[in-house]
Each structure stands twice: as structure tokens, then as C-alpha cells.
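Notes for the one structure printed next.
Computed from the coordinates by the stated procedures, all read-outs in this text should not be read as laboratory data. This structure is a prediction, so every number in the text was calculated from the model and none was measured. Cβ: placed from backbone, ideal geometry, glycine included. Neighbour counts: every protein chain shown.
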Amino acid sequence: RLIARACGAEAALVVNNCAAAVLLVLAALASGRGVAVSRGELVEIGGGFRIPDVMAQSGARLIEVGTTNRTRLADFSAAIASPAADVALTLNVHRSNYRIEGFTESTSVADLSGLDVPVVADIGSGLLDAACPWLADGPPSWLRGEPAARQTLEAGAALVTFSGDKLLGGPQAGIIAGRADMVAACAEHPLARALRPGSLVLHALQDLALAYLARDGDAIPFWRMASIPVDVLRTRALGIRADLVEDTVSVPGGGTLPGVEIPSVGLSMPGDRVGELRAGNPPVIARVADGSTILDLRTVHPNDDAVVAAAVAALAG
Ligand SMILES: *Cc1c(COP(=O)(O)O)cnc(C)c1O
């Protein structure tokens, strides 16, 4: 109920991950029937989550419409008009980890919602609300174009599915949110029992939802780190080791937001020093880019600056 409220849905259901959310929605609402998906959205997310395979597992039939680069509303309405296709749902899948550029055309959730069957939108990353009311300064510029649960439901999606551990900033989980009757059908399906998370996940999600409802982005580590101003990071970096300060970028979403970069500041050292840093006590996790080892201060809690300073000082040379 808390998550439903935070994204403006009638109801919501929590499962183990977004792959499970998509599987359950398809099994509960379209088994034995057709689900129309654009050929440009037959995605593979990392870890073997492929829309055609999930569809097959659910017992729903994939009805491919349009082409790789261009899909029109007429492609969907033709599929829906076909008795043989027996379309129960249209499925809109966010191209989380790739882009299609050039001579392209695609249909929006708003367009699809005008058709005769419900639209399910797999938005993936789980931005709850494009207005980011939990951030004092509103949405950061790097978020541009990322679909949000509240706005996707407002645009006419009957259901949205998203991950708990990408932009939502919570534990690994999958959320199904939207129309109460459709969420109830998912909850009553036998697979729901197999896909439900444990109480630790529900507890963590409850804290997260309460933080969103209290508009307290600082209580959500992901948003706290993602919204620290670059100047604040620079001041901290100068305080740790002025000679190593370098501008860098943070990449949010664990590969699920291609091209999205948050300007940041870190410490940079020549060569690959990640093994030495990791072997320290406590271990410090850095990354290597262009032959340099980078410690991005956006991902370091300010209380740990002294730890980073000591780890860098302890490196030979
Ligand atoms: C990440 C993602 C998934 C899978 O989510 P998990 O929670 O990792 O299972 C499904 N669909 C989209 C669009 C995604 O971005």
C-alpha cells in the first residue's frame, strides 16, 4: 500500500525482482493468449532476462508487431483486431540498456492506452515520480528521459513493473503497480507464492517507501549520493589529497541507464592500484579508467574520507 501510494497506483504487489514481476503479470493476465510487443523492444537485460523467453515461460504468446526501428500504433491495432492473435495485453518495454537511433518511430504508453486492451509498461529502473518530490531541488538534469512509474500510470498504463534496486534505491525486488483488479489477479496466481520475497526485503522496502512518502531523499542512500553537489565533492577531495583531485563521472543504475552520467569529483592515481586498495584494511573499492585508478567521492560516505585518505597514503610510491 505504501509503494502504491508513493507512485499513485491503486494497488501494488512485491515480488523477488522485476523479471519475476514481468513473468507473473504475463502468466496471470495473458496465459494462453497473445501479448503484443514492438519488435524494437524485444530486449535482453543482463543475466538472461529475454522478453521472448519470459513470455514463453509465462504461457502467453508473443505477438511481434512493427519492425526493429519503427513501430506504429496501427501495427498494434492490426494485431488487436486479429482474432487469431487473441491479444490480451500490449507490453511496452523500456529500452533500459540500449538505444535505437536514426530512422525510428515508436508508440508511447499514452498512444497504446487508447487501444482496446490494457497496457503493461515494464519501465525497469523504478523512478517513482519524474518530479522527484523527495529531492529539495527537484529532478537532476542527468535523469532526463527516464520513464517514471507515476507518469507512466497517468499516461494510461494499466500496470507498471519495475526493479527495487536500480533508481528506486532499495533491496532487490520487483514491483507490480497499477489497477487494483489486475494486481489482485497477479496476487492470486499460484506463481505469486513462489515469487514472493521474504520479510527482510519487505521490511527494507517499507522503510524505503516511508522515506519517499516523507519526501526525505537524504534517507535513501542512492539519492543522497546521487544528489551531492559537485562543489561539495571537490571541497572534500581537496581536503583528502589536493594533488590527486580530478573531475570524473558517476554511472548510475549498474549499466541500466546507458549514456547517463552524473558529474563528479574524485582522486586519480596513475596505473592500476585497485588490487592494493582492495587488499587494505578496511578494503577500499576503486575503479580503473584510461589507465588511472579513480576513487569517486560521490560513492564515499563523508565519514569515510579519513579511511580513503589513509588508504591512499598507505599505497607504495
Ligand atoms: C532491469 C530490468 C528488468 C529486470 O529487472 P531485475 O529486477 O533485475 O530482474 C526488466 N525489465 C527492464 C526494462 C529492466 O530494465
Computed [θ] at 222 nm, helices only, for the chain once each DSSP H run of length n ≥ 4 contributes -39500 (n - 2.57): -9500 deg cm²/dmol
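From the square roots a ≥ b ≥ c of the eigenvalues of the alpha-carbon gyration tensor of the chain, which class results: rounded (a/c under 1.5), prolate (a/b over b/c), or oblate? Could the numbers behind the result be given before it?
Working: a/c = 2.29, a/b = 1.94, b/c = 1.18.
Prolate shape, in that a/c is at least 1.5 and a/b is the bigger ratio.
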Roughly what angle does helix 18-30 make with the longest principal axis of the chain, taking Cα atoms, 0 to 90 degrees, to the nearest 10? 10
Using 7 Å Cα-to-Cβ label points, what is the TRP142/ARG72 separation (nm, one decimal)? 3.9
Mean Cβ-within-10 Å packing, highest first, puts peptides 45-55, 60-70 in the order 60-70, 45-55
Is any residue of the stretch 139-182 close enough, with backbone N under 18 Å, to a label point placed 7 angstrom from the Cα of LEU202 along the Cα-Cβ axis, and if so, which? 164, 171-177
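Give the shape of the stretch 33-103 as rounded, prolate or oblate, defined through the alpha-carbon gyration tensor: a ≥ b ≥ c are the square roots of its eigenvalues, a/c under 1.5 means rounded, and otherwise the shape is prolate if a/b is larger than b/c and oblate if not.
Numbers: a/c = 2.95, a/b = 1.17, b/c = 2.51.
Oblate, because a/c is 1.5 or more while a/b does not exceed b/c.
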With a sphere of radius 11 Å drawn around the Cβ of VAL87, what net charge do the other residues whose Cβ falls strictly inside it have (Lys, Arg +1; Asp, Glu -1)? 0
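Please compute the contact order of the chain in relative form: average sequence separation of alpha-carbon pairs under 8 Å and at least six residues apart, divided by the residue count, as a percent. Display every interim value, and only then the final one.
On the way: 604 pairs, mean separation 55.3, N = 317.
Value for the chain: 17 percent.
If a/c stays under 1.5 just call it rounded; otherwise compare a/b with b/c (prolate if a/b is bigger, oblate if not). Do that for the stretch 266-317, with a ≥ b ≥ c from the square roots of the Cα gyration tensor eigenvalues.
Oblate.
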Gain on full stretching of the segment that runs from ALA219 to TYR98 - 0.36 nm per residue minus C-alpha separation: 40.5 nm
Projected onto the charge dipole of the chain (+1 at Lys/Arg Cβ, -1 at Asp/Glu Cβ, origin at the Cα centre), which of ALA309, PRO270, LEU13 gives the Cα projection farthest towards the positive end? LEU13
Karplus-derived 3J(HN,Hα) from phi for the stretch 76-92 (6.51 cos²θ - 1.76 cosθ + 1.60, θ = phi - 60°), whole Hz, x at Gly and Pro, runs 5, 5, 5, 5, 5, 6, 7, x, 5, 6, 6, 6, 8, 8, 9, 10, 9
